[in-house]
Amino acid sequence: MAACCRIIFEAEGTRAREVSGLEGSFRYISEDAVIGEGTVLGFGCVVMDGVVIGEGVTVGHHVIIHEGTRIGDGAWIGDNAVLGRQPRAGVSVTRAVSVMPPLVIGKRALVGTSAVIYAGSVVGEEAMVADLAAVREDCVIGRRVRIGRCAVIGCNVRIGEGSVVQAGALVTSDSRIEEEVFIGPGVYTCNDKYMSRREFPLRGPVIRRGASVGTNSTLLPGVVIGRGAVVGAGAVVTRDVPDGCTVMGNPARPFPA
Amino acid sequence: MAACCRIIFEAEGTRAREVSGLEGSFRYISEDAVIGEGTVLGFGCVVMDGVVIGEGVTVGHHVIIHEGTRIGDGAWIGDNAVLGRQPRAGVSVTRAVSVMPPLVIGKRALVGTSAVIYAGSVVGEEAMVADLAAVREDCVIGRRVRIGRCAVIGCNVRIGEGSVVQAGALVTSDSRIEEEVFIGPGVYTCNDKYMSRREFPLRGPVIRRGASVGTNSTLLPGVVIGRGAVVGAGAVVTRDVPDGCTVMGNPARPFPA
Amino acid sequence: MAACCRIIFEAEGTRAREVSGLEGSFRYISEDAVIGEGTVLGFGCVVMDGVVIGEGVTVGHHVIIHEGTRIGDGAWIGDNAVLGRQPRAGVSVTRAVSVMPPLVIGKRALVGTSAVIYAGSVVGEEAMVADLAAVREDCVIGRRVRIGRCAVIGCNVRIGEGSVVQAGALVTSDSRIEEEVFIGPGVYTCNDKYMSRREFPLRGPVIRRGASVGTNSTLLPGVVIGRGAVVGAGAVVTRDVPDGCTVMGNPARPFPA
């Protein structure tokens, strides 16, 4: 990556021309930012101190890139995305919040319109975080993972290579998702057995390699979904599901029984 | 519609005055855009090449309107909305993505704050797409349809006149929804029977005229909900529901039995 | 609060310096706005007529603050948030929409990235509305309440002090939630028994003090969840739940039976 700050091109769709400054494009770009050759930035972008953007990156309009964020070559960032914001606890939140290291976005990754990704997380190469999705701090999103529209990924989550989290799903904080897992639309996971009423060590579910979790199902705190297991749509999973097993219903039971 | 480019008025709530350029309002408006009389644009808007905005349209602050988008007379576009973006497949997505024709927004339609609507879709007259909702490419949203907050409409969806999709619902790609259908909040629909494990021709549900689908229910791939049928809240619908029938439960069964 | 308009500091993370105008930061700030000492505003903010921002407030980049909104001392507003927009009914919406008084945000409240909060509502001191959440008009959100990511709060909702609405939940219009209530992720509530098919006085649920409503459960219109009651994850609640009672299943039944 060439350390060529301010070699900026107009965004796709406008007549590409090199611009030397901010005039007329309403951008703020820190003088401490580094932007690679062939990268284009849309109107109204905000690029803060210490940001490093690779070569051939497309950054949409009104994108906000916070301090120190690193974006790999060939990535594509949708309009209005907010990258690398620090977490900020509400007054009544119990989980301590510390200053996170900068966000890292891998090569050829794709970030959707108005997606929000926090500092302290790593988004793998060729991964996708779709429109209006949120990924909190301290997450590791593997290579080629896809996070759907309006999905929410809590903090301290691991998602293995090639897994999919579909639209509107919630992967709660402290979840562990292995490789090639399919999490359907609107799946909700829990990490707090007593819903804030008692002390409880928060534990998200563990979903093993190749498992499939059906649309709009619910996973209780700490349940383990085994390798290649299948959770039917709308199931409410209250116990561990063994490797290769299929469960359905509320509460979920093995199928065939 | 008068082809009077650059007849722009300040947004509602500021002191309306005609402005001849961009100074002080931080807008980018392509010289190839056409903006009708009486239309107001907020601060920070981006209007790309070939956009055509009708008369008496209100465009909020920071709205981004991509190439060629057409907006009908009297429409109202909320702050931060992104209109007409092209689809962009992640590296690992199987569905091919092609360049879509421009988005068309009908007369007097209403688009909410931070809503995202893709190129290749048509939003009917007097339809509403509420705040933070997303509508993908190749959709036809009928007249007076209402799409609720944070709802997601996949690609290649048809929604007939007067139908309602409430907040947080997901209408999956390739769904067919007829007229006067009610889809409650948080309804999730599927189109992939094998959750990516086998080849499967993706099939969303078909929801016939006047059917009502209750809150937080789940519709399996390809199910047909008959005319005037009722799906109870929280039901998991695994089979077709005949015209006029009511179903409830997990799995859903006819009621009364 | 000092009535010291235009005492503005650059946002955190840029080198703080007093700025006397808008040059280079692409902000619009009405001359009728009042901004307290020690308040910082990010790039691209829009602050409309009559807005009053207290002392020591942090306003992120591209934030839009509509007419008359009041923000208390020490509040923190995330990037792209839209505060105080007026409701705007679609053509086919039955609920009448009137002009609402300005939004009030309490001291030390926290508003997330791309959150949308309407005029006519009050957000209490030290409350939190997380990223991508929406709060409609005519709501009273109590002190230290937390609204999670992508959650939607309908209009005319009351939420008592210290209650929590987790990510992706929908609190439908006309709901009443008392103090110290826990509403889990993805809970959906209804207010329309006949799903628009007949006249029905819209009635959201009533959730009494200290009740806990589990992840991805569904509450039918007008149900009352008693004091300290517990609704299990994935339950579909069709009847009132007495004080202290636990219910589970679809339909929800007392547990132990």
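Looking for whichever is among the hydrophobic types (A, V, I, L, M, F, W, C), more than 10 Å from chain A (Cβ to nearest Cβ) and either in contact with a Lys or Arg (Cβ under 9 Å, 6 or more places away or on another chain) or in contact (Cβ under 8 Å) with a residue 60 or more places away in the chain (or both) here; the options are C:Val63, C:Val152. Which one fits? Full working, then the answer.
On the way: C:Val63 fails: either in contact with a Lys or Arg (Cβ under 9 Å, 6 or more places away or on another chain) or in contact (Cβ under 8 Å) with a residue 60 or more places away in the chain (or both).
On inspection, the qualifying residue turns out to be C:Val152.
B:Glu125 - would you say it is more than 11 Å from the chain's Cα centre (by Cα) and within 11 Å of chain C (Cβ to nearest Cβ)? So B:Glu125 fits the description; yes. A:Gly226 passes all but one of (1) away from every other protein chain (no Cβ under 13 Å); (2) out of contact with any Lys or Arg (no Cβ under 7 Å at 6 or more places or on another chain); (3) small (Gly, Ala, Ser); which number fails? With respect to (1) away from every other protein chain (no Cβ under 13 Å); (2) out of contact with any Lys or Arg (no Cβ under 7 Å at 6 or more places or on another chain); (3) small (Gly, Ala, Ser), A:Gly226 is out only on (2). Which residues, counting only those in the stretch A:128-139, are more than 10 Å from the chain's Cα centre (by Cα) and more than 12 Å from chain B (Cβ to nearest Cβ)? Matches in the stretch A:128-139: A:Asp138 only.
Considering only residues that are within 14 Å of chain A (Cβ to nearest Cβ) and not hydrophobic (A, V, I, L, M, F, W, C), look in the stretch B:239-257 and name the one that is farthest from the chain's Cα centre (by Cα). Explain how you work it out, then say what you get.
In the first step, residues of the stretch B:239-257 are kept if they are within 14 Å of chain A (Cβ to nearest Cβ); the result is B:239, B:247-253.
With the extra rule that they be not hydrophobic (A, V, I, L, M, F, W, C), the set shrinks to B:239, B:249-251, B:253.
Numbers: B:Arg239: 27, B:Gly249: 30, B:Asn250: 30, B:Pro251: 30, B:Arg253: 31 Å.
Taking the candidates together, the pick is B:Arg253.
Scanning the stretch C:191-203 for residues that are facing another protein chain (nearest Cβ under 8 Å) and in contact with a Pro (Cβ under 8 Å, 6 or more places away or on another chain) turns up nothing. Here A:Thr215 meets the list (1) within 14 Å of chain B (Cβ to nearest Cβ); (2) closer than 23 Å to C:Gly210 by Cβ almost entirely, failing just condition (2). Condition (residue is away from chain C (no Cβ under 11 Å), part of a loop (DSSP other than H, G, I, E, B), crowded, with 24+ Cβ neighbours inside 10 Å and more than 14 Å from the chain's Cα centre (by Cα)) applied to the stretch A:85-98: is it met by at least one residue? For the stretch A:85-98, residues away from chain C (no Cβ under 11 Å), part of a loop (DSSP other than H, G, I, E, B), crowded, with 24+ Cβ neighbours inside 10 Å and more than 14 Å from the chain's Cα centre (by Cα): absent. For B:Gly142, the criteria (1) farther than 21 Å from B:Thr39 by Cα; (2) under 11 Å from the mean Cα position of the chain (by Cα); (3) within 14 Å of chain A (Cβ to nearest Cβ) hold in every case but one, which is (3). Exactly one residue among A:Asn191, A:Asn156 is over 14 Å from the mean Cα position of the chain (by Cα) and among the polar types (S, T, N, Q), and that residue is A:Asn191. Please go through the stretch A:231-257 and give me each residue that is crowded, with 22+ Cβ neighbours inside 10 Å and of a type in the set (Val, Ile, Thr), ordered by number. Of everything in the stretch A:231-257, those that are crowded, with 22+ Cβ neighbours inside 10 Å and of a type in the set (Val, Ile, Thr) turn out to be A:Val231, A:Val236, A:Val237, A:Val241, A:Val247.
Say we look at the stretch C:160-197 and pick out the residues that are in a strand (DSSP E or B) and of a type in the set (Ser, Thr, Tyr); which of these is surrounded by the most Cβ atoms within 10 Å (Cβ to Cβ)? Let's see the steps before the verdict.
Going residue by residue through the stretch C:160-197, those that are in a strand (DSSP E or B) are C:164-165, C:170-171, C:176-177, C:182-183, C:188-189.
When the remaining residues are screened for being of a type in the set (Ser, Thr, Tyr), the result is C:188-189.
Details: C:Tyr188: 29, C:Thr189: 31.
Per the criteria, the residue is C:Thr189.
Considering C:Arg136, C:Arg158, C:Arg149, C:Arg176, the condition of being over 25 Å from C:Leu220 (Cβ atoms) and not hydrophobic (A, V, I, L, M, F, W, C) is satisfied by C:Arg149 alone.
Among the residues of the stretch C:179-212, those identified as at pLDDT below 95 and aliphatic (A, V, I, L, M) are C:Met195, C:Leu202.
Within the option set C:Leu110, C:Leu132, being on the phi < 0 side of the Ramachandran plot and in contact with a strand residue (DSSP E or B) (Cβ under 7 Å, 6 or more places away or on another chain) holds for one residue only, C:Leu110. For the stretch A:217-251, enumerate the residues that are out of contact with any Cys (no Cβ under 8 Å at 6 or more places or on another chain), closer than 19 Å to A:Gly186 by Cβ and part of a loop (DSSP other than H, G, I, E, B). Hits for the stretch A:217-251 are A:Ser217, A:Val223, A:Gly232, A:Gly234, A:Ala235, A:Thr238, A:Gly249, A:Asn250, A:Pro251. The set of residues from the stretch C:1-56 being modelled with pLDDT of 90 or more, of a type in the set (A, V, I, L, M, F, W, C) and either assigned to a loop (DSSP other than H, G, I, E, B) or closer than 16 Å to C:Gly68 by Cβ (or both) comprises C:Ala33, C:Val34, C:Ile35, C:Phe43, C:Cys45, C:Val46, C:Val47, C:Met48, C:Val51, C:Val52, C:Ile53. Restricting the stretch C:206-221 to residues that are surrounded by 24 or more Cβ atoms within 10 Å (Cβ to Cβ) and not aliphatic (A, V, I, L, M), the residue that is nearest to B:Met248 (Cα to Cα) is C:Thr218. Considered as a group, the residues in the stretch A:118-135 that are part of a loop (DSSP other than H, G, I, E, B) and in contact with a Ser or Thr (Cβ under 7 Å, 6 or more places away or on another chain) include one that is surrounded by the most Cβ atoms within 10 Å (Cβ to Cβ), and that residue is A:Leu132. Selection of the stretch A:99-117 for residues being more than 9 Å from every other protein chain (Cβ to nearest Cβ), assigned to a loop (DSSP other than H, G, I, E, B) and more than 27 Å from B:Thr113 (Cβ to Cβ) yields A:Val99, A:Met100, A:Pro101, A:Pro102, A:Gly106, A:Lys107. Determine whether C:Asp79 is in a loop (DSSP other than H, G, I, E, B), more than 9 Å from chain A (Cβ to nearest Cβ) and either farther than 19 Å from C:Glu178 by Cβ or touching a strand residue (DSSP E or B) at 6+ places or on another chain (Cβ under 9 Å) (or both). Answer is no for this residue.
The values are calculated or read from the model by the stated rules, or taken from the named source; none is laboratory data. All values reported here derive from a predicted model rather than from experimental measurement. As a convention, Cβ positions derive from the backbone with ideal geometry for all residues, glycine included, and neighbour counts pool all protein chains shown.
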